[in-house]
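Everything below concerns the one structure shown next.
Read the figures in this text as sums done on the coordinates, not as results from a lab. All values derive from a computational prediction rather than experimental measurement. With ideal geometry, Cβ positions are generated from the backbone for all residues, glycine too; neighbour counts draw on all protein chains shown.
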Amino acid sequence: MFKKITTGFVIQDYDENGKCISQSFVAGDDVQFEDKNGNPLETDDGEKIERNHEYFPFDMVQPQTVEVVDFVSEYDDGSILVSPAKYDASTGQISDIHAIDINMTGMLSREFIIRRSGEEIEICLQCHEHTMKAVMLESVASKQSLEELKTCRGGCDND
Ligand SMILES: [Zn+2]
């Protein structure tokens, strides 16, 4: 793993109302390579990397982190529905849920995804579109202990 550091400038375009409509980064000539600890790479290594690394555009869109997962819906009558969906690990957003619309008799009790790694992540039962993240909260009863609370990564008020 290494870092590519490019010196340049950011240009932001505004409309007449002062709202930013686009931005771009203009790369200069100064490019440096550092290792993961921030130490400059030796010239030889740097040149090798400069030849071998892919060109990634400077539009600040993060590299794709979307993967296909199993979307699991559990119902209180014991029935389980599994369908493929897409999961973006950087935002926690679930998309393209290919759930078959069948009339389930039970009430939805739990939803989660299973990642390729086998990891299971709870889905928000309010929006059905985001995973839950654990946050540590100071317990109201005792200030010494921390309570783990799960909240929707999409920002639903889930309490
Ligand atoms: Zn939500």
Quiz item: If you wrap region 2-52's Cα atoms in a convex hull and average its projection over all directions, what's the area in nm²?
Solution: 4.8 nm²
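Which trypsin sites (Lys or Arg not before Pro) does region 1-43 hold that lie in a coil by DSSP with at most 12 other beta carbons within 10 Å?
Lys19, Lys36
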Quiz item: Which Cα, out of Ile94, Ser73, Thr105, lies furthest along the positive dipole direction of region 66-129 (beta carbon charges, K/R +1, D/E -1)?
Solution: Ile94
Quiz prompt | Contour minus Cα-Cα distance for Glu119 and Ala134 (0.36 nm per residue) | solution = 3.9 nm
Quiz item: Once you wrap a convex hull around the alpha carbon atoms of region 66-129, what is its projected area averaged over all directions, in nm²?
Solution: 4.2 nm²
Self-check item: Members of Lys4/Lys133; Lys36/Lys133; Lys19/Lys133 lying beyond 29 Å, as alpha-carbon distances in this model show
Solution: Lys4/Lys133; Lys19/Lys133
